[in-house]
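Notes to accompany the following structure.
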Amino acid sequence: MRFELKLIKIIIQSILVLGIVGFGIQTYISSLIVVHQSSMNPTLYDGDLLLTNKLTYQISNPQVGDIVILYKDTPSKFASTRLGLSLEDLFSKIFNQPERTRYVKRVVAIGGDTVDIKNGSLYVNGEIVNENYTKGFTYTNETHFPITIDEDCVYVLGDNREISLDSRNFGQVPIHRIESKVESVLPW
């Protein structure tokens, strides 16, 4: 009987340690996120499982072309899109902390760049950007262009340009609002 109690105690301790380590990894190093939006079609689809890296932007800044996970308050008068819950979100719900809306977008310009949208196309620093990964035309969404990006910010767009809620709606994104970089799409 004593052996069974020790075994149960070891199993419970192991589960707790693994849970704490898993939460630490999910919160500070890397996470798995399920996409629940279509603004990144045809690059990412609803239901895709993403492996993200949270350490990358601790030692470097986002680069043009990076696909990032960012937090942004939900703009008023626009539909909210949402990625799946992470462990961090789950604990926020348990402890009644405010929910944050998370978006997945592509960085199209960094600090110091000038962004312009003309005739359904994206221009950065006066040059048209060849974007063979996008779907639809790039419209201004009533934003006034050109825009010069602040040094501590990036400009993000969804690849599904005609339906994406992105910097054309909520403006430049401060780098500190970027949670992680998408490293890969996992098959599942």
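The values are calculated or read from the model by the stated rules, or taken from the named source; none is laboratory data. What you are looking at is a predicted structure, and each value in this text was computed from that prediction instead of being measured. Positions of Cβ are backbone-derived with ideal geometry, glycine not excepted, and every protein chain shown enters the neighbour counts.
Scanning the range 23-39 for residues that are at pLDDT 70 or above and outside any loop (DSSP other than H, G, I, E, B), we see that the one that is surrounded by the most Cβ atoms within 10 Å (Cβ to Cβ) is Ile33. Within the range 134-150, the set of residues being surrounded by fewer than 19 Cβ atoms within 10 Å (Cβ to Cβ) and under 20 Å from the mean Cα position of the chain (by Cα) comprises Lys135, Asp150. Check Lys181 against each of (1) out of contact with any helix residue (DSSP H, G or I) (no Cβ under 7 Å at 6 or more places or on another chain); (2) of a type in the set (Lys, Arg); (3) modelled with pLDDT of 90 or more and name the one condition it does not meet. Of (1) out of contact with any helix residue (DSSP H, G or I) (no Cβ under 7 Å at 6 or more places or on another chain); (2) of a type in the set (Lys, Arg); (3) modelled with pLDDT of 90 or more, only one is false for Lys181: (1).
Looking at the structure I just gave you, is Thr52 surrounded by 14 or more Cβ atoms within 10 Å (Cβ to Cβ), of a type outside the set (Lys, Arg) and modelled with pLDDT under 90? It is false that Thr52 is surrounded by 14 or more Cβ atoms within 10 Å (Cβ to Cβ), of a type outside the set (Lys, Arg) and modelled with pLDDT under 90.
Applying the selection to the range 151-170, what residues are surrounded by 14 or more Cβ atoms within 10 Å (Cβ to Cβ) and either among the hydrophobic types (A, V, I, L, M, F, W, C) or under 18 Å from Pro62 (Cα atoms) (or both)? Write out each step before concluding.
Residues of the range 151-170 surrounded by 14 or more Cβ atoms within 10 Å (Cβ to Cβ): 153-170.
Hits for the range 151-170 are Cys153, Val154, Tyr155, Val156, Leu157, Gly158, Asp159, Ile163, Leu165, Asp166, Ser167, Phe170.
Residue-level analysis places Glu142 outside the set of residues that are in contact with a helix residue (DSSP H, G or I) (Cβ under 9 Å, 6 or more places away or on another chain), at pLDDT below 95 and in a strand (DSSP E or B).
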